[in-house]
Amino acid sequence: MNILVLTAVRLFGDGLGTSLSSRHGLSVVAVVNDLASLRDHLSRAKADAVLVDVTQGVNLFDMRSIAAQWPDVPLVALGLYERKQDVIMCGRAGFAGYVSRDASLDRLCESVNEIVTGRLSCPPEISGGLLRALFRENERAVETDLDLALTRRESEVLELIGHGLSNKEIGDQLCLSVATVKHHVHHVLEKLKLPRRAQAMRKIRDAPWLGQTSVSGRKS
């Protein structure tokens, strides 16, 4: 099994790579410390899984784009706090599974094998939380499809709001006038039923999939 490791801590990555490669059937083909390097390796070589060190924080927008571009390569959140909200957020960002912070190396190897084969084991309270989250998300998805679908441009604006950009900075990024950006921000807040920009920023950070809800074929 070929594994890629993404971590900002080189010492940790090198140690983990050596430990995993010593296990029968496992081979760490590369340890990378940024998304550009990860994309490069995924485009050039076969990988069966990507271990992503989340202890230093990761950009969920970027991880979701990786998951969308390489859907057959499961992303595994490494070092996750085993809390319902954290697990749910990782699932929505495209992760196929996780390994908790207190897991041993043996448990890590077992979990990677389970995830690659399409299985995921987790405590009952986490499983229950996932099912309830799916139910609530289904209700929200129906409402979004009917009433709140964002255009492609609105999704782009919302994503940049989540990164903390001002209207002028968003305009520079998207080649739009400030007046046009204000127009889009107004419609985004209206569709999400939020009174203030700061609330939109928190919402997109907590729910990064909203930046991916643009409707195919619609004009901005």
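Derivation of every value follows stated rules applied to the coordinates shown; laboratory data play no part. Worth saying up front: this structure is predicted, and the values here are computed from it rather than measured. Reconstructed Cβ throughout: ideal geometry from the backbone, glycine too, with neighbour counts over all protein chains shown.
Observations, loosely collected:
- Residues Met63, Met89 arranged by fewest to most Cβ contacts within 10 Å: Met89, Met63
- Nonlocal amide H pairs with Tyr98, under 5 Å, H built at 1.01 Å: Ala77
- Counting other Cβ atoms within 10 Å as a rough exposure proxy, the listed residues Cys175, Cys90 run Cys175, Cys90 from fewest neighbours to most.
- The trypsin sites (Lys or Arg not before Pro) found in segment 150-203 that occupy coil by DSSP, while having at most 15 further C-beta atoms within 10 Å, are Lys193, Arg196.
- Gyration tensor (alpha-carbon) shape descriptor, segment 2-124, a/c threshold 1.5: rounded
- Inter-centroid distance (Cα atoms) of segment 156-181 relative to segment 14-35, Å: 39 Å
- Restriction of the chymotrypsin sites (Phe, Trp or Tyr not before Pro) in segment 7-96 to DSSP coil positions whose beta-carbon has at most 14 other beta-carbons within 10 angstrom yields Tyr81.
- Cα gyration tensor of segment 148-212 - equivalent ellipsoid semi-axes, whole Å, descending: 16, 12, 11
- Global geometry of segment 70-109, whether rounded, prolate or oblate, following the gyration tensor of its Cα atoms and the 1.5 cut on a/c: oblate
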